[in-house]
1. Pop out the ³J(HN,Hα) list for the range 125-140 in order, Karplus 6.51 cos²θ - 1.76 cosθ + 1.60 with θ = phi - 60°, rounded to Hz; leave Gly and Pro as x.
2. Set the Förster radius R0 to 30 Å, insert the Cβ-Cβ distance between PHE90 and GLN150 as r into 1/(1 + (r/R0)^6), and round the FRET efficiency to 0.05.
3. At 0.36 nm per residue, and after removing the present C-alpha to C-alpha distance, how many nm does the segment from LEU13 to THR60 gain when stretched out fully?
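Each reported figure results from applying straightforward, stated rules to the coordinates on display, with no laboratory input. As the structure is a prediction and not an experimental result, all values here were calculated from the model. Positions of Cβ are backbone-derived with ideal geometry, glycine not excepted, and every protein chain shown enters the neighbour counts.
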Amino acid sequence: MSGHDTYERLISLLDTSSVAYRLIDHAPEGTTDKVSALRGHPASEAAKCLVLRVKVEWRTTRHVLAVVPGDRRVDLDAVRALFDARYVGFSDSETAERLARAVPGTVLPFSFDPGLEVVADPHVVAQPRLYFNAARLDRSLLISGSDYEQLARPRVEPVSSPVEA
């Protein structure tokens, strides 16, 4: 599935649900701080989406999509404890693109692949306004955190920490 197909699948999901959303066109950008400035909101209202490799046992690897607020960082120790894992790190770009069905900077806080489990930080689902790139660098989506939680059905767990100054 290409990024275009992922975008179409997202829009189809939104159109067939009863949630309100708004599309926002902007200059192409995939960095959370920069795209938040383009969209005109604080980074805390952005969903930063990171594909992680979780090594549970020697031969068991899971992939997790961690969704954290744009002004925070993913807490790898919290993810490791959550899955009782031996190791947690960022997935290689090829695997991340295959599982997320999008290129870096456009990864959705949704998973359309059964091999990618979504874990969203409570700060994300608590947002009245949640912004994220819509599988495209030049288009974003605005939805409420509660509507996001209803549609994506992520596992909600504390997996972020403040960015150190």
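1. 6, 7, 5, x, 10, 10, 10, 7, 5, 9, 6, 9, 6, 10, 8, 10
2. On the way: r = 28 Å, r/R0 = 0.94.
Efficiency, from the Cβ-Cβ distance: 0.60.
3. Values: separation 47, 0.36 × 47 = 16.92 nm, distance 3.14 nm.
Value of the extension gain: 13.8 nm.
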